[in-house]
Amino acid sequence: MMPDNLTIKETHEFDQGTDPGSESTMYAIEADSGIKGTLIISYGKYVDPQKATLIDKLLKAQ
């Protein structure tokens, strides 16, 4: 699935305290075909660079 075919529908942030490693964001995404899914990204040293790049592209496109 290409980022051009995806849209962020909802965003929910979670924070469990002052440690940046305990923060995450859940994105509800939808493809042009109607397929829906979620993508969860953590912050700090646990961030997945590929997921972060995908979300950056989706946020810029909106």
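Bear in mind that the values in this text are calculations on the coordinates, not laboratory data. Everything numeric here is computed off the predicted structure, so don't read it as measured data. Virtual Cβ from ideal backbone geometry, glycine too; neighbours counted across all protein chains shown.
Okay, here's what the table says:
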{"read-out": "Linear extension gain, Tyr46 paired with Met2, 0.36 nm per residue minus alpha-carbon span", "value": "13.4 nm"}
{"read-out": "The chain - Kirkwood radius from inverse mean 1/r over Cα pairs (Å)", "value": "12.2 Å"}
{"read-out": "Stretch gain in nm, segment Glu30-Thr18, where the contour uses 0.36 nm per residue and the Cα spacing is subtracted", "value": "1.2 nm"}
{"read-out": "Gain in span if fully extended, Gln62 to Lys9, counting 0.36 nm per residue against the direct Cα distance", "value": "18.0 nm"}
{"read-out": "Only Lys, Arg (+1) and Asp, Glu (-1) charged, at Cβ; the chain dipole about Cα centre in debye", "value": "160 debye"}
